[in-house]
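S.K.: Just passing along the structure, written as structure tokens.
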Amino acid sequence: MSRRQTDSDLHRFTLWVLFLIAAISCCMAYYSFSVSLKGNSDTIFVGSSESWRGNEEEREGDGCCRGVEHLELWGDAMKWGSDFKLNSSEECCRACKEMCEGDDGPCLCDSWVFCGNKQDCGSRFGECWLKKQKDALDPDWRDSGDNVIWTSGLVFGKGELFPDCAPHSVYYILELLSLQHCAGCQFYRAESRGNSWDLQGNHIEHAPYGPPYALIQGTVDAYGTVFKDIPQEACPTIRRGSIAWVGSGPDFFISLANHHEWKKAYTVFGQVLPEDMEIVEKISQLPTIPDVWSNVKVAVLERPVPLRFIRMKKSP
């Protein structure tokens, strides 16, 4: 995946996109990042009324159970670690997932905390605390840093963000959501499926693999924040709707096609729902100018599309 060689100056445009990548149910309400495409006097809002454990195309990486070391999440304890000890953070994570009763039943656990360093934890070694956040999109951070003995993780089920597979990535997105702005964030590259991929994102036999490369690319390097490189996390096959980092971020892309030829090279931290891909397709059709990055032909948007983050509350 190519990066921009230089950053162009930001301009003000009337075309805004509200980034869609999370829909999480909580207390019979639904919260989501949404997309708004403003053209002339029309505004299109796209969100999902699906439960965050709702049905969607099965993704690779469903078996992930990762957390962030040296982080302690707070929250209401569903199981007390002093009475519940396990052998690994992965087992602790899976115990949290098991507290969800099927697709439509209640989910009593959305976060977990594990003490896995025998020397540092002492008598607390193996403690697995299963917790429920008051707000899953704004988890209660107790403490972080090298001196913190805990490993913590979030569980969103089969939603549009993948904290169990890419926890560092998702925590950064949640940080941006808490800022309620993303000045400097924008889409700057847009390439359609062309004649190489069909409407479902499947590669057409004997067609080239680009250009165009069937993606939109942007950055979430917000002004006023210090971006730290995201470590490589789960790298499943890029599918239509996959949201993945370019390298270690903050540049990212949303794929319009199934890119099996990319050989699981990118950390995927989210997925756009199929019904929301219409907006991504519209962005890919905006006017572009040709450019060359590192000997790769690309299509750069004539006018970058700014991003901002918003929370929407929907009734069931």
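S.K.: Relative contact order for the stretch 103-170: what is it in percent, counting Cα pairs under 8 Å that are at least 6 residues apart?
M.R.: Details: 83 pairs, mean separation 21.8, N = 68.
Dividing the mean separation by the residue count of the stretch 103-170 yields 32 percent.
S.K.: Would you mind telling me the share, in percent, of accessible area of the stretch 68-158 contributed by carbon and sulfur at probe 1.4 angstrom? All intermediate terms of the calculation are to be shown ahead of the outcome.
M.R.: Values: 2140 of 4880 Å².
Summing carbon and sulfur atoms, their accessible area is 44 percent of the total for the stretch 68-158.
S.K.: Further question on the same structure: At a threshold of 8 angstrom on Cα-Cα distance, excluding pairs fewer than six apart, so keeping six or more, what relative contact order does the stretch 179-306 reach in percent? The partial results should precede the final answer.
M.R.: Details: 272 pairs, mean separation 37.9, N = 128.
Over the stretch 179-306, the number comes to 30 percent.
S.K.: Given points 7 Å out from each Cα along the Cα-Cβ axis, report the Arg303 to Trp80 separation in nanometres with one decimal.
M.R.: Here the answer is 6.1 nm between the modelled labels.
S.K.: Also, quick follow-up: Please give, to one decimal in nm, the separation of the simple spin-label points placed at Asn117 and His206, each 7 Å out from Cα toward the Cβ.
M.R.: A separation of 6.0 nm, rounded to one decimal place.
S.K.: Between their Cα atoms, which of Lys97/Lys263; Lys97/Lys134; Lys134/Lys282; Lys134/Lys228 are more than 24 Å away from each other? The partial results should precede the final answer.
M.R.: On the way: Lys97/Lys263 29 Å; Lys97/Lys134 17 Å; Lys134/Lys282 36 Å; Lys134/Lys228 27 Å.
The pairs that break the limit, which is 24 Å between Cα atoms, are Lys97/Lys263; Lys134/Lys282; Lys134/Lys228.
S.K.: Count charges around Asn147 for me, please; just the other residues with Cβ under 14 Å from its Cβ, Lys/Arg as +1, Asp/Glu as -1. Mind dumping the intermediate values first?
M.R.: Working: positive: Arg142; negative: Glu69, Glu72, Asp120, Asp143, Asp146.
Within the 14 Å Cβ shell, the charges total -4.
S.K.: Along the stretch 168-179, what does the Karplus equation 6.51 cos²θ - 1.76 cosθ + 1.60 (θ = phi - 60°) give for ³J(HN,Hα), rounded to whole Hz, x for Gly and Pro?
M.R.: Going residue by residue, I get 4, 5, 5, 4, 5, 4, 5, 5, 5, 4, 5, 6 Hz, with x marking Gly and Pro.
S.K.: Obtain the nm distance between the two label points defined at Ser294 and Val148 by a simple spin-label model: each point lies 7 Å from its Cα along the Cα-to-C-beta direction.
M.R.: 3.2 nm
S.K.: Quote the FRET efficiency, to the nearest 0.05, computed for Glu98 versus Ala183 with a Förster distance R0 of 45 Å and r equal to the Cβ-Cβ distance. Please list the in-between numbers first.
M.R.: Details: r = 41 Å, r/R0 = 0.91.
Taking R0 as 45 Å, the efficiency between Glu98 and Ala183 is 0.65.
S.K.: How would you classify the stretch 179-306 from its alpha-carbon gyration tensor, with a ≥ b ≥ c the square roots of the eigenvalues: rounded for a/c under 1.5, else prolate if a/b is greater than b/c, otherwise oblate?
M.R.: prolate
S.K.: Further question: What accessible area per residue comes out for the stretch 68-158, rounded to a whole number of Å², with a 1.4 Å probe?
M.R.: Working: 4880 Å² over 91 residues.
On a per-residue basis, the stretch 68-158 sits at 54 Å².
S.K.: For the stretch 73-78, take each phi angle, set θ = phi - 60°, evaluate the Karplus expression 6.51 cos²θ - 1.76 cosθ + 1.60, and give the result in whole Hz per residue in order, putting x for glycine and proline.
M.R.: Values per residue, Gly and Pro as x: 8, 9, x, 5, 6, 8 Hz.
S.K.: As an exercise, use a Förster radius of 25 Å and the Cβ-Cβ distance of Asp229 and Asp140 to find the FRET efficiency, rounded to the nearest 0.05. Don't skip to the end; give the middle numbers.
M.R.: Values: r = 26 Å, r/R0 = 1.04.
Once rounded, the FRET efficiency stands at 0.45.
S.K.: A further question on this structure: What ³J(HN,Hα) values, in whole Hz, does the Karplus curve 6.51 cos²θ - 1.76 cosθ + 1.60 give for the stretch 209-219 when θ = phi - 60°, with x put for Gly and Pro?
M.R.: These are the phi-based 3J(HN,Hα) values: 9, x, x, x, 9, 6, 6, 10, 10, x, 9 Hz.
The values are calculated or read from the model by the stated rules, or taken from the named source; none is laboratory data. This is a predicted model, so every value here is computed, not measured. Every residue, glycine as well, gets a Cβ built from its backbone with ideal geometry; the counts of neighbours run over all protein chains shown. Remember, those area values only see protein heavy atoms, side chains included, never the ligands or the DNA or RNA. Shrake-Rupley method; radii C 1.70, N 1.55, O 1.52, S 1.80 Å.
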